[in-house]
Structure formats: structure tokens, C-alpha cells
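Encoded as C-alpha cells, the structure appears first; notes follow it.
The values are calculated or read from the model by the stated rules, or taken from the named source; none is laboratory data. What you are looking at is a predicted structure, and each value in this text was computed from that prediction instead of being measured. No Cβ is skipped: glycine too gets one built from the backbone with ideal geometry, and neighbour counts run over all protein chains shown. Accessible surface areas use protein heavy atoms only, side chains included; no ligands, DNA or RNA. Shrake-Rupley method; radii C 1.70, N 1.55, O 1.52, S 1.80 Å.
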Amino acid sequence: GASLTSTDNSAEFRAILQEADRALYVSKFAGRARVTVYDPRAVDIDRSSENLAELLKQAVEKQLVSVVYQPIFELDTGRTLGYETLMRMREIDGRSISPDVFIPIAEQSGAIVELGMWVIDQACSDMARRGLGTVIAVNISAVQLKAPNFSLRVAEILNRHGLAPHQLAIEVTERIDLVPEPQVTRNIDHLRNLGVQIWLDDFGTGYAGIAWLRRFEFDIVKIDRSFLHE
């Protein structure tokens, strides 16, 4: 699977990789042993997305999704404070599917709502059984935050696993515009009132900047690495 850069070099590297991954899945769903160059006008691209969307509906039942944990260290002491939860997915034949491919399609199809709840449930279960530091963080999609019962379902999961609300951190990214969505605001406010931590990821790359910090009073702000790299 391949993708071509534009002549003005305006495309982000991550977007080009995602296009190449989508082209790769066109090749896979067409029977393999072929090369596909990404073309946004091609019907095959949409077909590959449809096939992956169908796979996503069965992902939990067929145990195609899993979680991995990225440790959060305190630099001064080297102590592990907690873990960030990352969702992974594989095909039925065991081959890995890039998150840059399956997460956008899961959001478009709505499958991310149930997949996301499964990840929260799994993370809380592991936190309770294994004692994963003082906090477990889970990335949340804007689609999930738009669901009316999202905060209630999170509260039920915490109660079922016997976790204190502050042991869970819901992590949102500034790359998505959440401010105009009343339901998103309600869910975040309900979670904060419950005691769940609210973290902001990718700060400095998205829509609202300082306005977000004023409105939501995040517990932790993660500055995007593009600001720190140099």
C-alpha cells in the first residue's frame, strides 16, 4: 500500500501514513499479492473501509481487540505513577491493524462507542486486579463524549470494579473541537463532579487553546511533542 505526497508538501506525514495503510487494506481485501496506491476517488478505498467497519462490529466478540499499557514515570524519582491505555486490534488471521486505520473508521461507523467502553472496562479491571499505579488513563473519542449515557456508564464500570473515581483519567485531545457540543460539556462536567480526572492531550495543535483550559479545568495538560522536539 502506498500514498503520494502532494507537490506543495502540505500534507501531514501522519495523514500520508494513514492513506498508505488504507491502500494496504485494499490490497489485503482484494486477495493480497498486489500493490495499491491510495486514490481518494477510488471505490476500492471505500469498500475496504466497509469491510473493516464490519470487522469492528465483531471485534470484541471475536477477541480481536486488546489493550497495552504505557507507563507514566515521575522523572525525579523514576517511580511509576500509572499507565496510559492504548487500544490495539488485529485481523482474524492475527495480523496487526494500525490504530491510524481502524480508529477513524470506528468513529465514522459508530463502533468506537462500544469499543471505547470495552477499553475502559478492561483498563479498570486490570487496575483493580494488578494495581497499576495510582491512575489509569484512557483516550476518549469525541463520538463517545457525544453519547448521552457516557458518564453514567463510566460510573457503573468504576463501581463494579471497586475503583475510586480519581483512579481513572479520561483523556481528550485538542485536535477535536468539543466546545460547541452541549452533550460533550455535560459529560465532562458529570465526570469531573464524580471525581474522574480529565486530561488534555496534544495541547497546542487543535482548536481552542487557552479557552479550553479556562472552560474545563484539566487535571493534566500534555503539551504536544511538536513544541518540545527542538
**Item:** region 181-230, dipole about Cα centre (Lys/Arg Cβ +1, Asp/Glu Cβ -1), debye to the nearest 20
**Value:** 160 debye
**Request:** Quick one: which residues, 5+ away or cross-chain, put their amide H under 5 Å from the amide H of I97? H built at 1.01 Å from N.
**Result:** M89, R90, E91
**Item:** Net dipole in debye of the chain [+1 Lys, Arg Cβ; -1 Asp, Glu Cβ; about Cα centre; nearest 20]
**Value:** 560 debye
**Prompt:** Once the dipole of the chain is set up with Lys and Arg at +1 and Asp and Glu at -1 on Cβ about the Cα centre, which of N159, F227, Q70 lies farthest towards its positive end?
**Reply:** N159
**Computed helical MRE - 222 nm, the chain, DSSP H runs ≥ 4 contributing -39500 (n - 2.57), nearest 500** = -13500 deg cm²/dmol
**Request:** May I ask you to list the chymotrypsin sites (Phe, Trp or Tyr not before Pro) in region 181-230 that are in a DSSP loop and have at most 15 other Cβ atoms within 10 Å of their Cβ?
**Result:** Y207
**Environment charge at A2 (Cβ cut-off 11 Å; Lys +1, Arg +1, Asp -1, Glu -1)** = -2
**Asked** Dipole size in debye (nearest 20) for region 73-209 around its Cα centre, Lys and Arg Cβ +1, Asp and Glu Cβ -1?
**Response** 420 debye
**Request:** Could you look at region 105-230 and say what percent of its accessible area is carbon and sulfur, using a 1.4 Å probe and all protein chains?
**Result:** 51 percent
**Request:** Out of all DSSP beta bridges with both ends in the chain, state the antiparallel percent to the nearest 5.
**Result:** 40 percent
**Fill in**
In the chain, lysine pairs 8 or more places apart or on different chains with C-alpha atoms under 23 Å apart total 4
**Item:** Per-peptide average of other Cβ atoms within 10 Å, ordering 71-82, 56-67, 116-127, 181-192 highest first
**Value:** 116-127, 181-192, 56-67, 71-82
**Prompt:** Excluding ligands, DNA and RNA, what is the solvent-accessible area per residue of the chain at a probe of 1.4 Å, expressed in Å²?
**Reply:** 56 Å²
